[in-house]
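Asker: Sharing a structure below in structure tokens format, with a few things to ask.
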Amino acid sequence: MRAAVLEDFGEPLVVQEVELRDPRAGEVLVRLEACGVCHTDMYTASGVDPSGYAPTVLGHEGAGVVERVGEDVTSLSEGDHVVTLFSPQCGECVHCVDPRTNLCMAIRAEQNLGHLPDGTTRLKRPGDGGADIRHFMGTSTFAEYTVMPEIALAKVDPEAPLDRACLFACGLSTGLGAAMNTAQVDAGSTCVVFGAGMVGLGAVAGCRLQGAERIICVDLSDDRLELARGQGATDLMKADDNPESLVERLVEMTGGGYGADYTFEATGNVKVMAQAVEAARMAWGLCTVAGVAGKGETLDVIPRWLITGRRVAGSSFGGVKGREGVPKLVDLYMQGEIDVDPFISHRITLDEVNRGFELMEAQDGIRSVIEFSR
Ligand SMILES: NC(=O)c1ccc[n+]([C@@H]2O[C@H](COP(=O)([O-])OP(=O)(O)OC[C@H]3O[C@@H](n4cnc5c(N)ncnc54)[C@H](O)[C@@H]3O)[C@@H](O)[C@H]2O)c1
Ligand SMILES: [Zn+2]
Ligand SMILES: [Zn+2]
């Protein structure tokens, strides 16, 4: 098959022939139809990610069709439409059986090493004796096919277009889930969302679906703020207009001058995380942090902000238990409740994957989607 390989950090990905071994027990062969290009792929490709490794096949926002299943696979069969999950759901571990979290522990250690759960890889260089290539995030979806564990595939409505469904594999579900699962925004409440990328826009949509009365979105870009309006933001604020008084103004605007019931951080900037804590309402405001900060960075919060009732929660993949939650979010999209099309700014081929990175670096649009049939 053809796949985009990260050969060396800081170098463009190299699209080339790669061999994919057959699925083993508990594994599934998926033919990919579409895959989003995300910051996490670029972050690893750049070499800045301390846990990154090469060579590997990047990509984690995949959607496709089950081609074949290995032994003991019971919940999926040939022809099923699936979204790939970097955050699996085994259904049995200490976290999967608890409704409070989505942090499945079943295959974490091996996944972080670039292996499938049995400690080996299905990816290799072509030919006899070709060296192994490691998987990335347990997904490696910048490729025509992938082999993944059954527990890391969400079966979705076969009517859902896969070029849209793939966005639910990462940022969109993260934002929606931050509002719907982690914060569980109440109807009639006031929300502030910092950042209007894929995650922040998803959070705006999640707040709207929960029935929030007021949704203030803060970003640096006018274009992105307009997208936030399309997702249901009622107020837009430019982050760089008088940044010193930004929090003060937000607090004044909300909760009768006490701050917002819910705030969301979706920028990855620790200074913005602090703003999100400070803009949360005294007494019960909840700040949900979804952004991933740089290595070694810390969140600076005056403890009095917490004593006086503000709370801080982190959210990984929006707290969404993937196999159950992603199909439900895709159903909401199919019912017309989530407007996904504005997120797709560019459609590219696998060979153009590096252009996807360039577009992202230039903040040109929200998502480039690789279409494998192009
Ligand atoms: N928690 C998770 O599971 C998870 C999953 C996916 C992504 N993420 C993280 O979420 C964050 C957002 O991801 P994304 O794909 O939406 O990124 P993105 O870069 O597309 O969006 C970030 C947005 O923040 C805005 N921004 C930058 N500085 C700002 C400031 N000072 N004030 C207000 N807005 C500002 C940018 O203009 C941009 O629109 C990243 O840190 C990413 O790593 C987390
Ligand atoms: Zn992603
Ligand atoms: Zn589990």
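Asker: Take residue 291 and decide whether it is within 16 Å of ligand 2 (Cβ to nearest atom), within 21 Å of residue 182 (Cβ to Cβ) and buried (at least 19 other Cβ atoms within 10 Å of the Cβ).
Answerer: yes
Asker: Now a separate question. Mind checking whether some residue in the range 280-296 is more than 16 Å from ligand 3 (Cβ to nearest atom) and in contact with a Pro (Cβ under 7 Å, 6 or more places away or on another chain)? Working first, answer last.
Answerer: Step one: of the range 280-296, the residues more than 16 Å from ligand 3 (Cβ to nearest atom) are 280-296.
Okay, now just the ones that are also in contact with a Pro (Cβ under 7 Å, 6 or more places away or on another chain), so 295.
Taking every residue of the range 280-296 in turn, at least one turns out to be more than 16 Å from ligand 3 (Cβ to nearest atom) and in contact with a Pro (Cβ under 7 Å, 6 or more places away or on another chain).
Asker: When the residues of the range 232-277 are filtered to those that are touching a residue at least 60 places away in the same chain (Cβ under 8 Å) and under 12 Å from residue 310 (Cβ atoms), which remaining residue is surrounded by the fewest Cβ atoms within 10 Å (Cβ to Cβ)?
Answerer: So, considering only residues that are touching a residue at least 60 places away in the same chain (Cβ under 8 Å) and under 12 Å from residue 310 (Cβ atoms), the one surrounded by the fewest Cβ atoms within 10 Å (Cβ to Cβ) is 255.
Asker: Let me ask you something else. Taking the options 186, 157, 219, 132, name whichever one is at pLDDT 95 or above, within 11 Å of ligand 1 (Cβ to nearest atom) and among the acidic types (Asp, Glu).
Answerer: Just one listed residue meets the conditions, 219.
Asker: So which residues in the range 233-244 are within 16 Å of ligand 1 (Cβ to nearest atom) and at pLDDT 95 or above?
Answerer: Within the range 233-244, 233, 235, 236, 237, 238, 239 meet the criteria.
Asker: Now for a different question. Looking only at the range 93-130, filter to residues that are among the hydrophobic types (A, V, I, L, M, F, W, C) and farther than 19 Å from residue 24 by Cβ; which one of those is surrounded by the most Cβ atoms within 10 Å (Cβ to Cβ)? Walk me through it before giving the result.
Answerer: If we filter the range 93-130 for residues that are among the hydrophobic types (A, V, I, L, M, F, W, C), which is where we start, we get 93-94, 96-97, 103-107, 109, 113, 116, 123.
Filter once more, so that each one left must be farther than 19 Å from residue 24 by Cβ: 93-94, 96-97, 103-105.
Working: 93: 17, 94: 10, 96: 21, 97: 9, 103: 16, 104: 24, 105: 14.
Out of the qualifying residues, it is 104.
Asker: Condition first: loosely packed, with under 15 Cβ neighbours inside 10 Å and under 27 Å from residue 48 (Cα atoms). Now tell me which residues in the range 294-312 satisfy that.
Answerer: 294, 295, 296, 297, 298, 300
Asker: Out of all the residues in the range 174-187, is one or more assigned to a helix (DSSP H, G or I), in contact (Cβ under 8 Å) with a residue 60 or more places away in the chain, in contact with a helix residue (DSSP H, G or I) (Cβ under 9 Å, 6 or more places away or on another chain) and surrounded by fewer than 24 Cβ atoms within 10 Å (Cβ to Cβ)?
Answerer: Looking for residues that are assigned to a helix (DSSP H, G or I), in contact (Cβ under 8 Å) with a residue 60 or more places away in the chain, in contact with a helix residue (DSSP H, G or I) (Cβ under 9 Å, 6 or more places away or on another chain) and surrounded by fewer than 24 Cβ atoms within 10 Å (Cβ to Cβ), one finds at least one in the range 174-187, hence yes.
Asker: Yes or no: the range 337-354 includes at least one residue that is at positive phi and either within 16 Å of ligand 1 (Cβ to nearest atom) or free of Cβ contacts under 8 Å to residues at least 60 places away in the same chain (or both).
Answerer: Scanning the range 337-354 turns up no residue that is at positive phi and either within 16 Å of ligand 1 (Cβ to nearest atom) or free of Cβ contacts under 8 Å to residues at least 60 places away in the same chain (or both).
Asker: Okay, moving on. Could you give me the residue pairs with C-beta distances under 8 Å whose first residue belongs to the range 105-117 and is closer than 11 Å to residue 151 by Cα, whose second residue is exposed (fewer than 14 other Cβ atoms within 10 Å of the Cβ) wherever it lies, and which are 6+ apart or on separate chains?
Answerer: Pairs that qualify, where the first residue is closer than 11 Å to residue 151 by Cα and the partner is exposed (fewer than 14 other Cβ atoms within 10 Å of the Cβ), are 106/92.
Asker: So, restricting to strands (runs of 3 or more DSSP E) that lie completely within the range 53-165, which ones have at least 1 residues that are charged (D, E, K, R) and over 24 Å from residue 10 (Cα atoms)? Give the derivation first.
Answerer: Details: elements: 61-69, 81-84, 145-149, 153-155.
Output list reads 61-69, 153-155.
The values are calculated or read from the model by the stated rules, or taken from the named source; none is laboratory data. Computed from a predicted model, the values in this text were never measured in an experiment. Please note: Cβ atoms are built from the backbone with ideal geometry, for glycine as well, and neighbour counts cover all protein chains shown.
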